[in-house]
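Structure record follows, encoded as structure tokens.
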Amino acid sequence: MTEAIDSRIDLDGVTAYSRRAERVRRFFSLGHAAPYVLILPSIVIVLFVVAIPLLVSLWSSFTPYNLVRPWTLYHYIGVRNYLRLFNSSDFWWALIRTVVFLTVALNLEMVLGLGLALLVNKITAGKRVIRTIMMFPMMFSPILVGFQFKYIFNDNVGLINNALSSLGLMHYPIAWLVNAVLAPLTVLIAETWMSTSVFAILLLAGLLALPSEPLEAAKVDGCNAWQAFRHITLPFLMPFIFIAMTIRSLDVARAYDMVKIMTDGGPAQRTELLWTLIARTGYEDARMGMANAMGYVSILLSIAVTVYFYRKLMGARAYMGGAE
């Protein structure tokens, strides 16, 4: 009896294996595997270029990894880096400066971009040429923009100081890039110049998509230009504004190139943002474990900002009667 049961179990196992083998054979013979085979090189590249470095950096944030002592990568210390991070005044000041810079830059770019989009939308001739010109600043590399504005605000040969001196408005050079108050302002001006066009182009697309019937109805009802803008145009543009803010918030939160070129975080770390602090900690101080801990805190903050703007976007779409 036992032998019969064992034979039946073996037979069922062979049958199940045969069925699986037949399904695999049919899967490959019918060509269903072709898409997976074609995408396999991309998956391998992403695995080695993104996934593995991401996991290694996450592991190193729980170690005292130092670039000059590679063996420290294998020494697990738990969340000690994160505890030291939250007790570091340099980290908190860099985080506060990043949040302030992000808030001011986003709102300033939004206001200027909205004004620029409204002006371009009123133009009847040459609108395509102007839209193309508007895209020029965002085509430049942040490094190149940093060098341009570093030259413009140079205290000896800069264009601003030379212009003010020629007009008789200045008798002594202004140290724009080494003044504790003026240095953050110069970085903000450079960032705004380069990225206002992102808001302008997206908001101009929203204005071009705005139907004319509500505006004509508001004009018939006696609404003035401000009332039509406040109650019709602006609510319609809010989804576009939040999309632009989501895109720009991720870029501004990772600001490094421009600050590095223009001020290098100075004077006295007054322009040091979170990612310049991360780079200095990881590459100049060689404390890569601590730098990666800062990086993952920054990633969590970026995710929180993205979720916030996404919820605002969904609320704006729901207000305008869009899909949830």
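The values are calculated or read from the model by the stated rules, or taken from the named source; none is laboratory data. Being a predicted model, the structure only gives us computed values, none of them experimental. Counting neighbours? That spans all protein chains shown, and the Cβs are built from the backbone with ideal geometry, glycine included. The area values use the complete protein model at the heavy-atom level, side chains included, leaving out ligands, DNA and RNA. Shrake-Rupley method; radii C 1.70, N 1.55, O 1.52, S 1.80 Å.
In this simple spin-label model, placing a label point 7 Å from the Cα along the Cα-to-Cβ direction at both THR103 and LEU164 gives a separation of 2.7 nm. Per atom type, the stretch 137-234 shows carbon and sulfur on 67% of its accessible surface, probed at 1.4 Å. From the Cα gyration tensor of the stretch 156-279, with a ≥ b ≥ c the square roots of its eigenvalues, which class applies: rounded if a/c is under 1.5, or else prolate if a/b is larger than b/c, or else oblate? In terms of gyration-tensor shape, oblate.
The lysines whose alpha-carbon is closer than 30 Å to the alpha-carbon of LYS312, local same-chain residues fewer than 8 away aside, are LYS122, LYS219.
Across the stretch 171-178, coupling constants 3J(HN,Hα) worked out from phi with the 6.51/-1.76/1.60 Karplus curve, θ = phi - 60°, read 10, 10, x, 8, 7, 4, 8, 10 Hz, and Gly and Pro carry x. Here the extension length gained between ILE45 and ILE130 equals 26.6 nm, from 0.36 nm per residue of separation less the Cα-Cα distance.
Sequentially through the stretch 256-263, phi angles give Karplus couplings (6.51, -1.76, 1.60; θ = phi - 60°) of 9, 4, 5, 5, 4, 6, 7, 10 Hz, Gly and Pro residues having no value and appearing as x. Rg over Rh for the chain works out to 1.15, using Cα positions for both radii and the Kirkwood form for Rh. Need one word for the stretch 214-295: rounded, prolate or oblate. Basis is the Cα gyration tensor (sqrt eigenvalues a ≥ b ≥ c); a/c below 1.5 gives rounded, then a/b vs b/c decides. The shape class here is prolate. Here is what passes the span test in the chain: the DSSP H helices with alpha carbon length of 18 Å or more along the helix axis and a Kyte-Doolittle mean of -0.5 or above are 34-46, 89-122, 182-209, 234-253, 288-319. Given R0 = 45 Å, the distance between the Cβ atoms of TYR308 and PHE147 translates into a calculated FRET efficiency of 0.85.
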